[in-house]
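Just below is one structure, and these are the notes that go with it.
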Amino acid sequence: MTDRHHARRLGDRPLAPETLMMGFGYNPALSEGSIKPPIFQTSTFVFRSAEDGKRFFEVAYGLREKDPDEALGLIYSRINNPNLEILEDRLAVWDGADKALVFSSGMAAISTTILALSRPNDVVVYTAPAYGGTEYLFDRILPRMGVETVSVADCDGGAALATAVRDAAARGAARGGRLAAVYVETPANPTNQLIDLRAAADAIRDLGQAEAPPLVVDNTFLGPLWQKPLEHGADLVLYSLTKYVGGHSDLISGACMGRAGLMGRVAEMRTICGTVTDPHTAWLLTRSLETLHVRMERSQQNAMELVRRLRGHPKLEAVLDAGGAESSADQQAIFARQCAGPGSTFSIRLKGGEAEAFRMLNALRLFKLAVSLGGTESLVSHPSSTTHSDYTPEAKARCGIGDNLVRLSVGIENVEDLFADLVQALQAI
Ligand SMILES: *Cc1c(COP(=O)(O)O)cnc(C)c1O
């Protein structure tokens, strides 16, 4: 039975996520009628009786399953906290997940999830380019723990990935392990190349394994509004909440969400590694969720207008937006199947090289020169000399990360002001 504060319907009418963000999962009567959840700035929770403490721990430590109608209380803020639980309930709504868990950063979510899924002798397949921290985890840290990782630079959108999944399953078995997970980041940063999630899920299904390796998707760039991986065959979805969900460039956090069974393993690892977020950050994120759709819609609208005006600009070689007019027919087909919009992070290739790119970056006045994305303010970065500077020249060439590539994260400012800033900076080249 769902209580009134977890109701997702008004009579027969299913309520939209943006409506649920205002109250879902929170009962004001438990907090002196406060319309907004207070910050539960506490490390631990008082049990009403010794019997309660025993019951709560039996379930938390997996000694028994929770009874269907059993009400459980809180234990300790590394395990659970009201601010985290409200946030997790609301986050799960957007992606249609059974359960969400929040972490102290996007990397905490990614590393804890991968640790929960893999064991020595296993193999993990991942798509490249991926976020820098993610690549470091896969390239340098997991191999130290006996997990073999296979990077697939899949510029065809999924064909090479399917082959890699088959090979990795065979390799895992030969090592006395398994293919533990298939990890996909789509769109890829900074090129906006899309990976076909359905093709990846089909490749996993075709292995015919009793316990299929989960398809894990980093949805930071388009989620949760413009891409819902669980609807396209993914088992777990990961976020850097630092980006669009936080949305104000004032916090670091992450999330993992998906099916209940897998989430139990991730929750266990989070409790033991202690990679959970704190009540204040969770409270800020709950506040951010109320305006998420307005911010993401407006920033996408701004970005689409800038893309439209920049396409064909005499100083530009290309404009790289997700599934955009300059991408291949295959890419556009994936976009049509799997994305509801291109989001507001895109890249441009200038005519010239690093000197031209730097002149443009230094001339911009409104776009701030910083890594990160998804905030209310517009940001600009030069991947080749910063976030992707540790790539070899070959890797840069393969992934299309040239010295003339500039990435833009468009905010919610006035679009005419933003366009004027880009025009004057392009003139300065
Ligand atoms: C920023 C980012 C991360 C890492 O998140 P943090 O919150 O910085 O730890 C992971 N994946 C993608 C796609 C990102 O943009």
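The values are calculated or read from the model by the stated rules, or taken from the named source; none is laboratory data. Fair warning: this is a prediction, and the values are worked out from it, not measured in the lab. Backbone-built Cβ (ideal geometry, glycine too); neighbour counts: all protein chains shown. SASA here: full protein model, heavy atoms, side chains in, ligands and nucleic acids out. Shrake-Rupley method; radii C 1.70, N 1.55, O 1.52, S 1.80 Å.
Worth pointing out:
- Residue in segment 259-272 that is more than 25 Å from Ala164 (Cα to Cα), in a loop (DSSP other than H, G, I, E, B), open to solvent by less than 20 Å² (accessible area, probe 1.4 Å) and within 16 Å of the ligand (Cβ to nearest atom) present: no
- Condition check for Pro143: surrounded by 24 or more Cβ atoms within 10 Å (Cβ to Cβ) and more than 29 Å from Ser328 (Cα to Cα): no
- Hey, Arg78 at negative phi and open to solvent by 10 Å² or more (accessible area, probe 1.4 Å) or not: yes
- Pair list, Cβ < 9 Å and 6+ apart or interchain, from segment 350-376 residues that are closer than 23 Å to Gly400 by Cβ to residues that are open to solvent by 60 Å² or more (accessible area, probe 1.4 Å) and within 16 Å of the ligand (Cβ to nearest atom): Ala370/Ser249; Val371/Thr386; Ser372/Ser249; Gly374/Ser249
- Hits in segment 40-71 (condition: without any contact (Cβ under 8 Å) to a residue 60 or more places away in the chain, of a type in the set (Phe, Trp, Tyr) and part of a loop (DSSP other than H, G, I, E, B)): Phe45, Phe47, Tyr61
- Condition check for Ser118: in contact with a strand residue (DSSP E or B) (Cβ under 8 Å, 6 or more places away or on another chain) and either more than 13 Å from the ligand (Cβ to nearest atom) or assigned by TED's automatic domain parsing to the domain that holds Val217 (or both): yes
- Every residue from segment 357-376 that is open to solvent by 40 Å² or more (accessible area, probe 1.4 Å), of a type in the set (A, V, I, L, M) and over 21 Å from Gly132 (Cβ atoms): Leu366
- Filtered residues of segment 121-136 (kept if open to solvent by 20 Å² or more (accessible area, probe 1.4 Å) and within 16 Å of the ligand (Cβ to nearest atom)): Tyr131, Gly132, Gly133, Glu135, Tyr136
- Among the residues of segment 88-114, those identified as part of a helix (DSSP H, G or I) and within 15 Å of the ligand (Cβ to nearest atom) are Leu91, Gly106, Met107, Ala108, Ala109, Ile110, Ser111, Thr112, Thr113, Ile114.
- Filtering segment 12-56 to residues that are more than 29 Å from the chain's Cα centre (by Cα), open to solvent by 80 Å² or more (accessible area, probe 1.4 Å) and either closer than 28 Å to Met296 by Cβ or not basic (Lys, Arg) (or both) leaves Asp12, Arg13, Ala29, Leu30, Glu32, Ile35, Val46, Ala50, Glu51.
- Apart from one condition, Val237 fits all of (1) out of contact with any Pro (no Cβ under 6 Å at 6 or more places or on another chain); (2) among the β-branched types (Val, Ile, Thr); (3) in the same structural domain as Leu194 (by TED's automatic domain parsing); the exception is (1).
- Any hit, segment 252-259, residues being over 20 Å from Glu185 (Cα atoms), touching a residue at least 24 places away in the same chain (Cβ under 8 Å) and of a type in the set (Lys, Arg): no
- Condition broken by Arg298, with the remaining ones in (1) open to solvent by 80 Å² or more (accessible area, probe 1.4 Å); (2) within 25 Å of Ile195 (Cβ to Cβ); (3) within 20 Å of the chain's Cα centre (by Cα) satisfied: (2)
- From the options Thr277, Thr271, Thr281, Thr286, residue that is more than 18 Å from the chain's Cα centre (by Cα) and among the hydroxyl-bearing types (Ser, Thr, Tyr): Thr271
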